[in-house]
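Chemist: Here you go, one structure.
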Amino acid sequence: MPETPLFDPKKGRLIAVSNRTAVDPNARAGGLAVALWDTLVETKGVWVGWSGRVKDYAGNKLQTKLDDGVEFALCDMSKIQYEEFYLGYSNSVLWPLLHNRLDLAVLDNKFYEAYCEINEKFAEIISGISGKDDFIWVHDYHFFLLASYFRQKNLEAKTGFFLHIPFPAPEIFRALPQHDIIGRALCDYDVIGLQTDNDVRNFKRFLSEDHNGEVISDEQMKVGDRIITIRHCPIGMNAPEFSETANSKMAKDAAESLNRFLGGRQLIIGVDRMDYSKGLPQRFEAVGRLFDSYPKTHGNVSFTQIAPPSRSIVDEYAHLRETLDQLAGRINGDYGDLDWIPIRYLARSYSREEIAGLYKMADVCLVTPLQDGMNLVAKEFIAAQDPNDPGVLVLSQFAGASEQMNDALIVNPHDTDSVADAISQALKMPIDERKTRWAALYKNICEEDIVWWRKRFFAPVKTITSEIAATK
């Protein structure tokens with residue numbers, strides 16, 4: 001039988017679902033927001049998510065908005081839902097566990113009821129606005145259960161799930177009290193996309209060991225009476241568009257402003273949300289070690305870290321902020337001078353244009369998470385560079401981007417000395433080597449871009465043989 005597309009935009013709509021949306025244009029600055037926004041603009045789709053408002057009571061009433069052909073369908077959250085679904089189960093249970101931080105995971109059941117409640121609420125909303133020819137594309141760990149509620153409601157539309165963060169080894173995932181329920185619920189999706197080969201291996205092993213999953217082909221597994229497609233889909237970006245952004249007036253103004261402060265010094269930059277998965281304390285320690293080990297950097301190199309607050313209500317994030325404040329203060333106290341501040345640490349947000357301008361002027365970009373699904377900062381930095389004088393990317397082996405971007409300087413973020421050595425290597429790298437590495441990296445991010453990612457996720461499922469079909 002011929003292969004059929006998972007989603008045909010001539011027949012139905014693409015309905016994307018995520019907790020946060022880009023209804024605010026200022027939120028279209030990175031990660032999931034950029035990836036989904038570009039996709040939905042091209043397909044004139046619908047984006048369903050949380051409005052960002054917290055109320056004493058929140059029903060299922062939708063607020064709608066149309067922007068550049070994209071329809072937003074948004075709902076509020078009650079205070080209890082926000083505390084127990086968002087801050088609780090999503091960010092105090094799932095987030096740390098999926099990033100291999102069992103020491104920070106709150107592994108009890110008190111938040112799970114709210115998680116189920118929100119997933120069922122979104123299933124009810126989507127059931128009311130979707131048709132059988134639509135494709136419902138669910139994003140991230142907030143909605144592991146959504147497809148199971150769709151099936152309870154006999155929803156006819158096809159469904160897909162994309163996990164933007166890592167899927168851990170089964171030994172880690174089993175620590176979650178509800179791992180069995182979530183595993184079965186994920187099998188109710190028709191297609192599951194994961195960022196890296198390692199994530200795919202972990203997920204397949206979990207289904208095989210815990211749910212008697214049977215591997216049918218490279219992309220398909222039979223679990224119970226379901227055959228699901230599991231795809232390796234590293235997320236991309238629109239590199240030429242970001243290159244243009246780096247040449248905008250706002251970008252140039254931001255670069256000029258920082259350049260006045262630098263006074264001709266080499267610039268190392270880091271751009272991350274304030275999150276313990278990003279390895280920021282380890283990065284600050286590595287920069288400190290750079291100044292310890294390489295005295296010629298004194299007065300000649302400055303490190304600027306942009307780290308806007310993230311989930312600042314959660315205790316772990318407040319503690320992280322204090323740790324970074326102390327590290328920056330200590331390093332600046334040890335090495336700073338009247339006309340030189342070794343580390344500038346800015347705990348606030350900047351626009352996408354401003355960030356692009358800072359990337360372009362940077363000599364080195366540090367992308368050194370302890371664990372990350374992809375990390376588009378690495379790709380944005382490469383896209384922003386001047387081909388005639390490109391900067392150097394220092395990239396963690398634990399970022400999903402390292403699978404594609406092996407022409408970066410790949411480091412272990414836990415090894416302070418080796419990261420400091422890699423920064424020194426990057427700062428001294430000859431122009432010919434910088435150009436060669438940059439050209440290979442830029443070629444990759446242009447070829448495996450946001451359109452490539454979407455096509456890869458929605459590629460037709462290979463024909464299932466009659467023998468396999470008969471087992472369904």
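The values are calculated or read from the model by the stated rules, or taken from the named source; none is laboratory data. From a predicted model like this one, the values you see are computed outputs, not experimental measurements. Using ideal geometry, Cβ is built from the backbone for each residue, glycine included, and neighbour counts are taken over all protein chains shown. Areas reflect the complete protein model, heavy atoms only, side chains present, ligands, DNA and RNA absent. Shrake-Rupley method; radii C 1.70, N 1.55, O 1.52, S 1.80 Å.
Chemist: Within region 258-271, track down each residue that is modelled with pLDDT of 95 or more and either open to solvent by less than 10 Å² (accessible area, probe 1.4 Å) or more than 20 Å from the chain's Cα centre (by Cα) (or both).
Modeler: Arg265, Gln266, Leu267, Ile268, Ile269, Gly270
Chemist: Restricting to region 177-196, name every residue that is touching a Pro at 6+ places or on another chain (Cβ under 9 Å) and surrounded by fewer than 22 Cβ atoms within 10 Å (Cβ to Cβ).
Modeler: Hit for region 177-196 is His179, nothing else.
Chemist: Go over the candidates Ile382, Ile423 one by one and state the one that is at pLDDT 95 or above, closer than 15 Å to Pro240 by Cα and in contact with a Leu (Cβ under 7 Å, 6 or more places away or on another chain).
Modeler: The match here is Ile382.
Chemist: Among the residues of region 427-452, which ones are out of contact with any Gly (no Cβ under 7 Å at 6 or more places or on another chain) and closer than 30 Å to Thr43 by Cβ?
Modeler: Leu441, Tyr442, Lys443, Asn444, Cys446, Glu447, Val451
Chemist: Just the residues that are closer than 23 Å to Ile80 by Cβ, surrounded by fewer than 24 Cβ atoms within 10 Å (Cβ to Cβ) and of a type outside the set (Phe, Trp, Tyr), please, taken from region 124-144.
Modeler: Glu124, Ile125, Asp140
Chemist: Another question, then. Under the condition of being farther than 30 Å from Phe242 by Cα and modelled with pLDDT of 90 or more, which residue from region 50-61 is least open to solvent (accessible area, probe 1.4 Å)?
Modeler: Selected residue: Val54.
Chemist: Let me ask something else about it. With respect to the numbered conditions (1) within 23 Å of Pro234 (Cβ to Cβ); (2) touching an Asp or Glu at 6+ places or on another chain (Cβ under 7 Å), which one is the sole condition not fulfilled by Arg151?
Modeler: (1) is the only condition that Arg151 fails.
Chemist: Considering every residue within region 84-93, establish whether at least one is farther than 30 Å from Ala399 by Cβ, without any contact (Cβ under 8 Å) to a residue 24 or more places away in the chain and not aliphatic (A, V, I, L, M).
Modeler: no
Chemist: Starting from region 377-395, keep only residues that are within 23 Å of Met274 (Cα to Cα) and acidic (Asp, Glu), then list their pairs with residues that are outside any helix (DSSP H, G or I) and open to solvent by less than 10 Å² (accessible area, probe 1.4 Å) whose Cβ atoms are within a distance under 8 Å, requiring at least 6 positions of separation or different chains.
Modeler: Glu380/Met237
Chemist: Okay, next question. If the Cβ limit is 7 Å and pairs must be 6+ apart or interchain, which residue in region 406-421 that is of a type outside the set (Phe, Trp, Tyr) pairs with which residue that is surrounded by fewer than 18 Cβ atoms within 10 Å (Cβ to Cβ) and assigned to a loop (DSSP other than H, G, I, E, B)?
Modeler: Ile410/Gln397; Val411/Gln397; Asn412/Gln397; Ser418/Asn412
Chemist: Here is a follow-up. Just the residues that are over 24 Å from Phe381 (Cβ atoms) and open to solvent by less than 40 Å² (accessible area, probe 1.4 Å), please, taken from region 312-331.
Modeler: Val314, Tyr317, Thr323
Chemist: Please identify the pairs in which a residue from region 96-120 that is closer than 30 Å to Asn154 by Cα has its Cβ atom under 7 Å from the Cβ atom of a residue that is open to solvent by 40 Å² or more (accessible area, probe 1.4 Å) and assigned to a loop (DSSP other than H, G, I, E, B), counting only partners at least 6 apart or on another chain.
Modeler: So the pair list comes out as Asn109/Pro177.
Chemist: Looking for something open to solvent by 10 Å² or more (accessible area, probe 1.4 Å) and part of a strand (DSSP E or B) - is there at least one such residue anywhere in region 26-49?
Modeler: Within region 26-49, none of the residues are open to solvent by 10 Å² or more (accessible area, probe 1.4 Å) and part of a strand (DSSP E or B).
Chemist: Counting only residues that are among the charged types (D, E, K, R) and either open to solvent by 10 Å² or more (accessible area, probe 1.4 Å) or in contact with a Lys or Arg (Cβ under 9 Å, 6 or more places away or on another chain) (or both), which one in region 280-290 is farthest from Lys428 (Cα to Cα)?
Modeler: In this case the residue turns out to be Glu285.
Chemist: So, one more: Could you list all residues from region 413-451 that are within 25 Å of the chain's Cα centre (by Cα), within 14 Å of Val287 (Cα to Cα) and surrounded by fewer than 18 Cβ atoms within 10 Å (Cβ to Cβ)?
Modeler: His414, Asp415
Chemist: Do you know which residues across region 73-94 are within 22 Å of the chain's Cα centre (by Cα) and open to solvent by less than 10 Å² (accessible area, probe 1.4 Å)?
Modeler: Phe85, Gly88, Tyr89, Ser90, Asn91, Val93, Leu94
Chemist: Now for a different question. Only one of Ser293, Ser302, Ser277 is out of contact with any Cys (no Cβ under 6 Å at 6 or more places or on another chain), closer than 23 Å to Pro413 by Cβ, among the hydroxyl-bearing types (Ser, Thr, Tyr) and open to solvent by 10 Å² or more (accessible area, probe 1.4 Å); which?
Modeler: On inspection, the qualifying residue turns out to be Ser293.
Chemist: A follow-up question, please. Looking only at region 90-134, filter to residues that are polar (S, T, N, Q) and not in a helix (DSSP H, G or I); which one of those is modelled with the highest pLDDT?
Modeler: Asn100
Chemist: Name the single residue, out of those in region 151-176 being of a type in the set (Lys, Arg) and assigned to a loop (DSSP other than H, G, I, E, B), that is surrounded by the fewest Cβ atoms within 10 Å (Cβ to Cβ).
Modeler: Among them, the one singled out is Lys153.
Chemist: Among the numbered criteria (1) touching a Gly at 6+ places or on another chain (Cβ under 7 Å); (2) among the aliphatic types (A, V, I, L, M); (3) buried (at least 23 other Cβ atoms within 10 Å of the Cβ), which single criterion is violated by Ala356?
Modeler: Every listed condition holds for Ala356 apart from (1).
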